[in-house]
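Please read the structure below before turning to the comments.
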Amino acid sequence: MADFLDFFSDTKTRPTAAMRRAMAEAEVGDERAGEDPTVNRLVARCAALLGKPAAIYLPSGTMCNEIALAVHCRPGDEVLCDTTSHLIGFEGGGPAALAGVMLQAIPGDRGRYSAGQLGEALRPDRPYAPRQRLVTVEQTANLGGGAIWPLQQLAAVASTARAAGLATHMDGARLFNACVATGTAPSAHAEGYDSVWVDFSKGLGAPGGAVLAGDTGFVAEAERLKLRWGGAMRQSGIIAAACEYALDHHIDRLADDHANARRLAQGLARLPGLRIDPDTVETNLVYFDVIDPRRDAAALCAALMERGVRMGPMGRHTVRAVTHLDVDAAAVDAALQAVAACLG
Ligand SMILES: *Cc1c(COP(=O)(O)O)cnc(C)c1O
């Protein structure tokens, strides 16, 4: 274990002993040739969970997003997404470099825009305008503070998109968090979305892997890009076994992460010099502002690190703390003490 409490991200989880055993015992084959039974089983289970006819295993969520953009769009097309979208700030310029698309950012409420806002962002079909092709949503909204899109809002956005002849894509990096928090099925969220993916390297605690789902034509094209971009692996059932283990054992426990995030948020709200509304913490992401003029977010995080707690500065005044299976309620209490000491 690391010798500090790591609230930096839910990607910091390490595979548990039981997960490692499942990996060691995985049945494997040549994934690239479609011969890895563990990958094939994982992909079939995810397609069913997401309510789509087909799915494909990919190394990362970023590759899921980038491949989906390239399958749905042609260079010069426009993709509509929220201002806070992962596509904009965290994928190395991939939408421009790989799919050649433009992004139109819609300023939603904590990462979630309305069907009405989407309607206002639609362009008339004119020769001088970029062709609009794809609408994307992020469930949960990462920079939106882990906010959950209500099912009706997802459905309204999808139907507005469809009425305008646009395809729809869901970045489900933390879709399971939304499902556990609201007691809803993944397929209910993905309904009306042409493509959707889930990540296994976030709160689910696997060392890597993501599954991108859609109809068979979409997945066949995604397969071509997976090969082209070097995303095809060989005996990747070793990793897929961790993903499958996570599906079986690490979904329901996301509720613990959500409870710990609320505990953290409520504790932070009691500390002077910070600003946070605990009621906005719906899942496992906790964003708070440092309003003490003597220090900024980076200074607070550096001081915290000296006390054995890692959190992430997100901009000048904002800090992000994330709960996951390697931090429990006792870790939250220790972190709160450390924050209080730093502010004192
Ligand atoms: C982490 C994340 C991604 C990228 O997933 P990786 O598996 O890290 O490549 C995409 N979208 C959102 C919202 C994320 O949080």
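The values are calculated or read from the model by the stated rules, or taken from the named source; none is laboratory data. For clarity, every value in this text was computed on a predicted model and none was experimentally measured. Cβ atoms come from the backbone with ideal geometry, glycine included; neighbour counts cover every protein chain shown. Protein only, heavy atoms only, side chains kept; ligands, DNA and RNA dropped before computing areas. Shrake-Rupley method; radii C 1.70, N 1.55, O 1.52, S 1.80 Å.
I need the fraction of alpha carbon pairs in segment 253-343 separated by more than 14 Å, rounded to a whole percent.
Working: 2450 of 4095 pairs.
Counting pairs separated by more than 14 Å, the tail of P(r) holds 60 percent.
Using Cα pairs under 8 angstrom and six or more residues apart, how large is the relative contact order of the chain, in percent? Display every interim value, and only then the final one.
On the way: 703 pairs, mean separation 84.3, N = 344.
Normalised by residue count, the contact order of the chain is 25 percent.
Sticking to Cα atoms, compute the Rg of segment 25-91 to one decimal and its Dmax as the biggest Cα-Cα distance, whole number, in Å.
Looking at segment 25-91, its Cα Rg and Dmax stand at 15.2, 47 Å.
Considering only DSSP beta bridges with both partners in segment 1-141, what is the antiparallel share in %, to the nearest 5?
On the way: 1 of 9 bridges.
Expressed as a percentage, antiparallel bridges in segment 1-141 total about 10.
Tell me, what are the semi-axes, in whole angstrom and largest first, of the equivalent ellipsoid of segment 1-121 as set by the roots of 5 times the Cα gyration tensor eigenvalues?
32, 22, 15
Provide the percentage of antiparallel DSSP beta bridges, counting only those with both residues in the chain; round to the nearest 5.
Approximately 50 percent, going by the DSSP bridge assignments.
Any chance you could check the Cα centroid distance between segment 117-179 and segment 273-293 for me, in angstrom?
The distance from the Cα centre of segment 117-179 to that of segment 273-293 comes to 26 Å.
Where does segment 16-249 land on Rg(C-alpha)/(2.2 N^0.38 Å)? Mind showing how you got there, number by number?
Numbers: Rg = 17.2 Å, N = 234, 2.2 N^0.38 = 17.5 Å.
Taking N as the residue count of segment 16-249, the ratio is 0.99.
Taking the dipole about the Cα centre of the chain, with the C-beta of Lys and Arg at +1 and of Asp and Glu at -1, give me whichever of Cys64, Ala161, Pro107 is farthest to the positive side.
Value computed over the given set: Pro107.
Test of understanding: what is the full-extension gain from Arg131 to Arg270, defined as 0.36 nm times their sequence separation minus their Cα-Cα distance?
Numbers: separation 139, 0.36 × 139 = 50.04 nm, distance 4.93 nm.
Additional length available on full extension: 45.1 nm.
Keeping every protein chain present and rolling a 1.4 Å probe, give me the accessible area per residue for segment 16-249 in Å². Can you show the working numbers first?
Values: 9160 Å² over 234 residues.
For segment 16-249, the solvent-accessible area averages 39 Å² per residue.
Please compute the net charge surrounding Ala164, taking Lys and Arg as +1 and Asp and Glu as -1 over other residues with Cβ under 13 Å from its Cβ. Walk me through the numbers before you get to the answer.
Details: positive: Arg123, Arg131, Arg133, Arg162; negative: Glu78, Glu120, Asp125.
So the environment of Ala164 carries a net charge of +1.
Within the accessible area of segment 16-249, what % is carbon and sulfur when the probe is 1.4 Å and the other protein chains stay in place?
Working: 4820 of 9160 Å².
Taking all protein chains in place, segment 16-249 shows 53 percent carbon and sulfur surface.
For all pairs of alpha-carbon atoms in segment 104-145, what percent lies in each bin of width 10 Å, listed from the first bin to the last filled one?
P(r) for segment 104-145, in whole percents per bin: 24, 49, 22, 5.
Just to verify a number: FRET efficiency for Leu227 and Arg41, C-beta to C-beta distance, R0 = 25 Å, to 0.05?
0.70
Please list, by residue number, every one of the GluC sites (Glu not before Pro) in segment 1-58 that is coil in DSSP and has at most 16 other beta-carbon atoms within 10 Å. Could you put the intermediate results ahead of the total?
Values: sites: Glu25, Glu27, Glu31, Glu35; in loops: Glu25, Glu27, Glu35.
Here the sparse-neighbourhood loop sites are Glu25, Glu27, Glu35.
With no solvent and one point per C-alpha, what does the Debye sum give as log10 I(q)/I(0) for segment 197-245 at q = 0.16, 0.17 Å⁻¹?
So the normalised log intensities work out to -0.51, -0.57.
Tally up the carbon and sulfur contribution to the accessible surface of segment 253-343 as a whole percent, 1.4 Å probe, everything protein left in place.
Numbers: 1880 of 3920 Å².
The value for segment 253-343 is 48 percent carbon and sulfur by accessible area.
About its Cα centre, how strong a charge dipole does segment 16-249 have in debye, to the nearest 20, once Lys and Arg get +1 and Asp and Glu get -1 at the Cβ?
Numbers: 20 positive and 24 negative charges, 43 e Å.
I would put it at about 200 debye.
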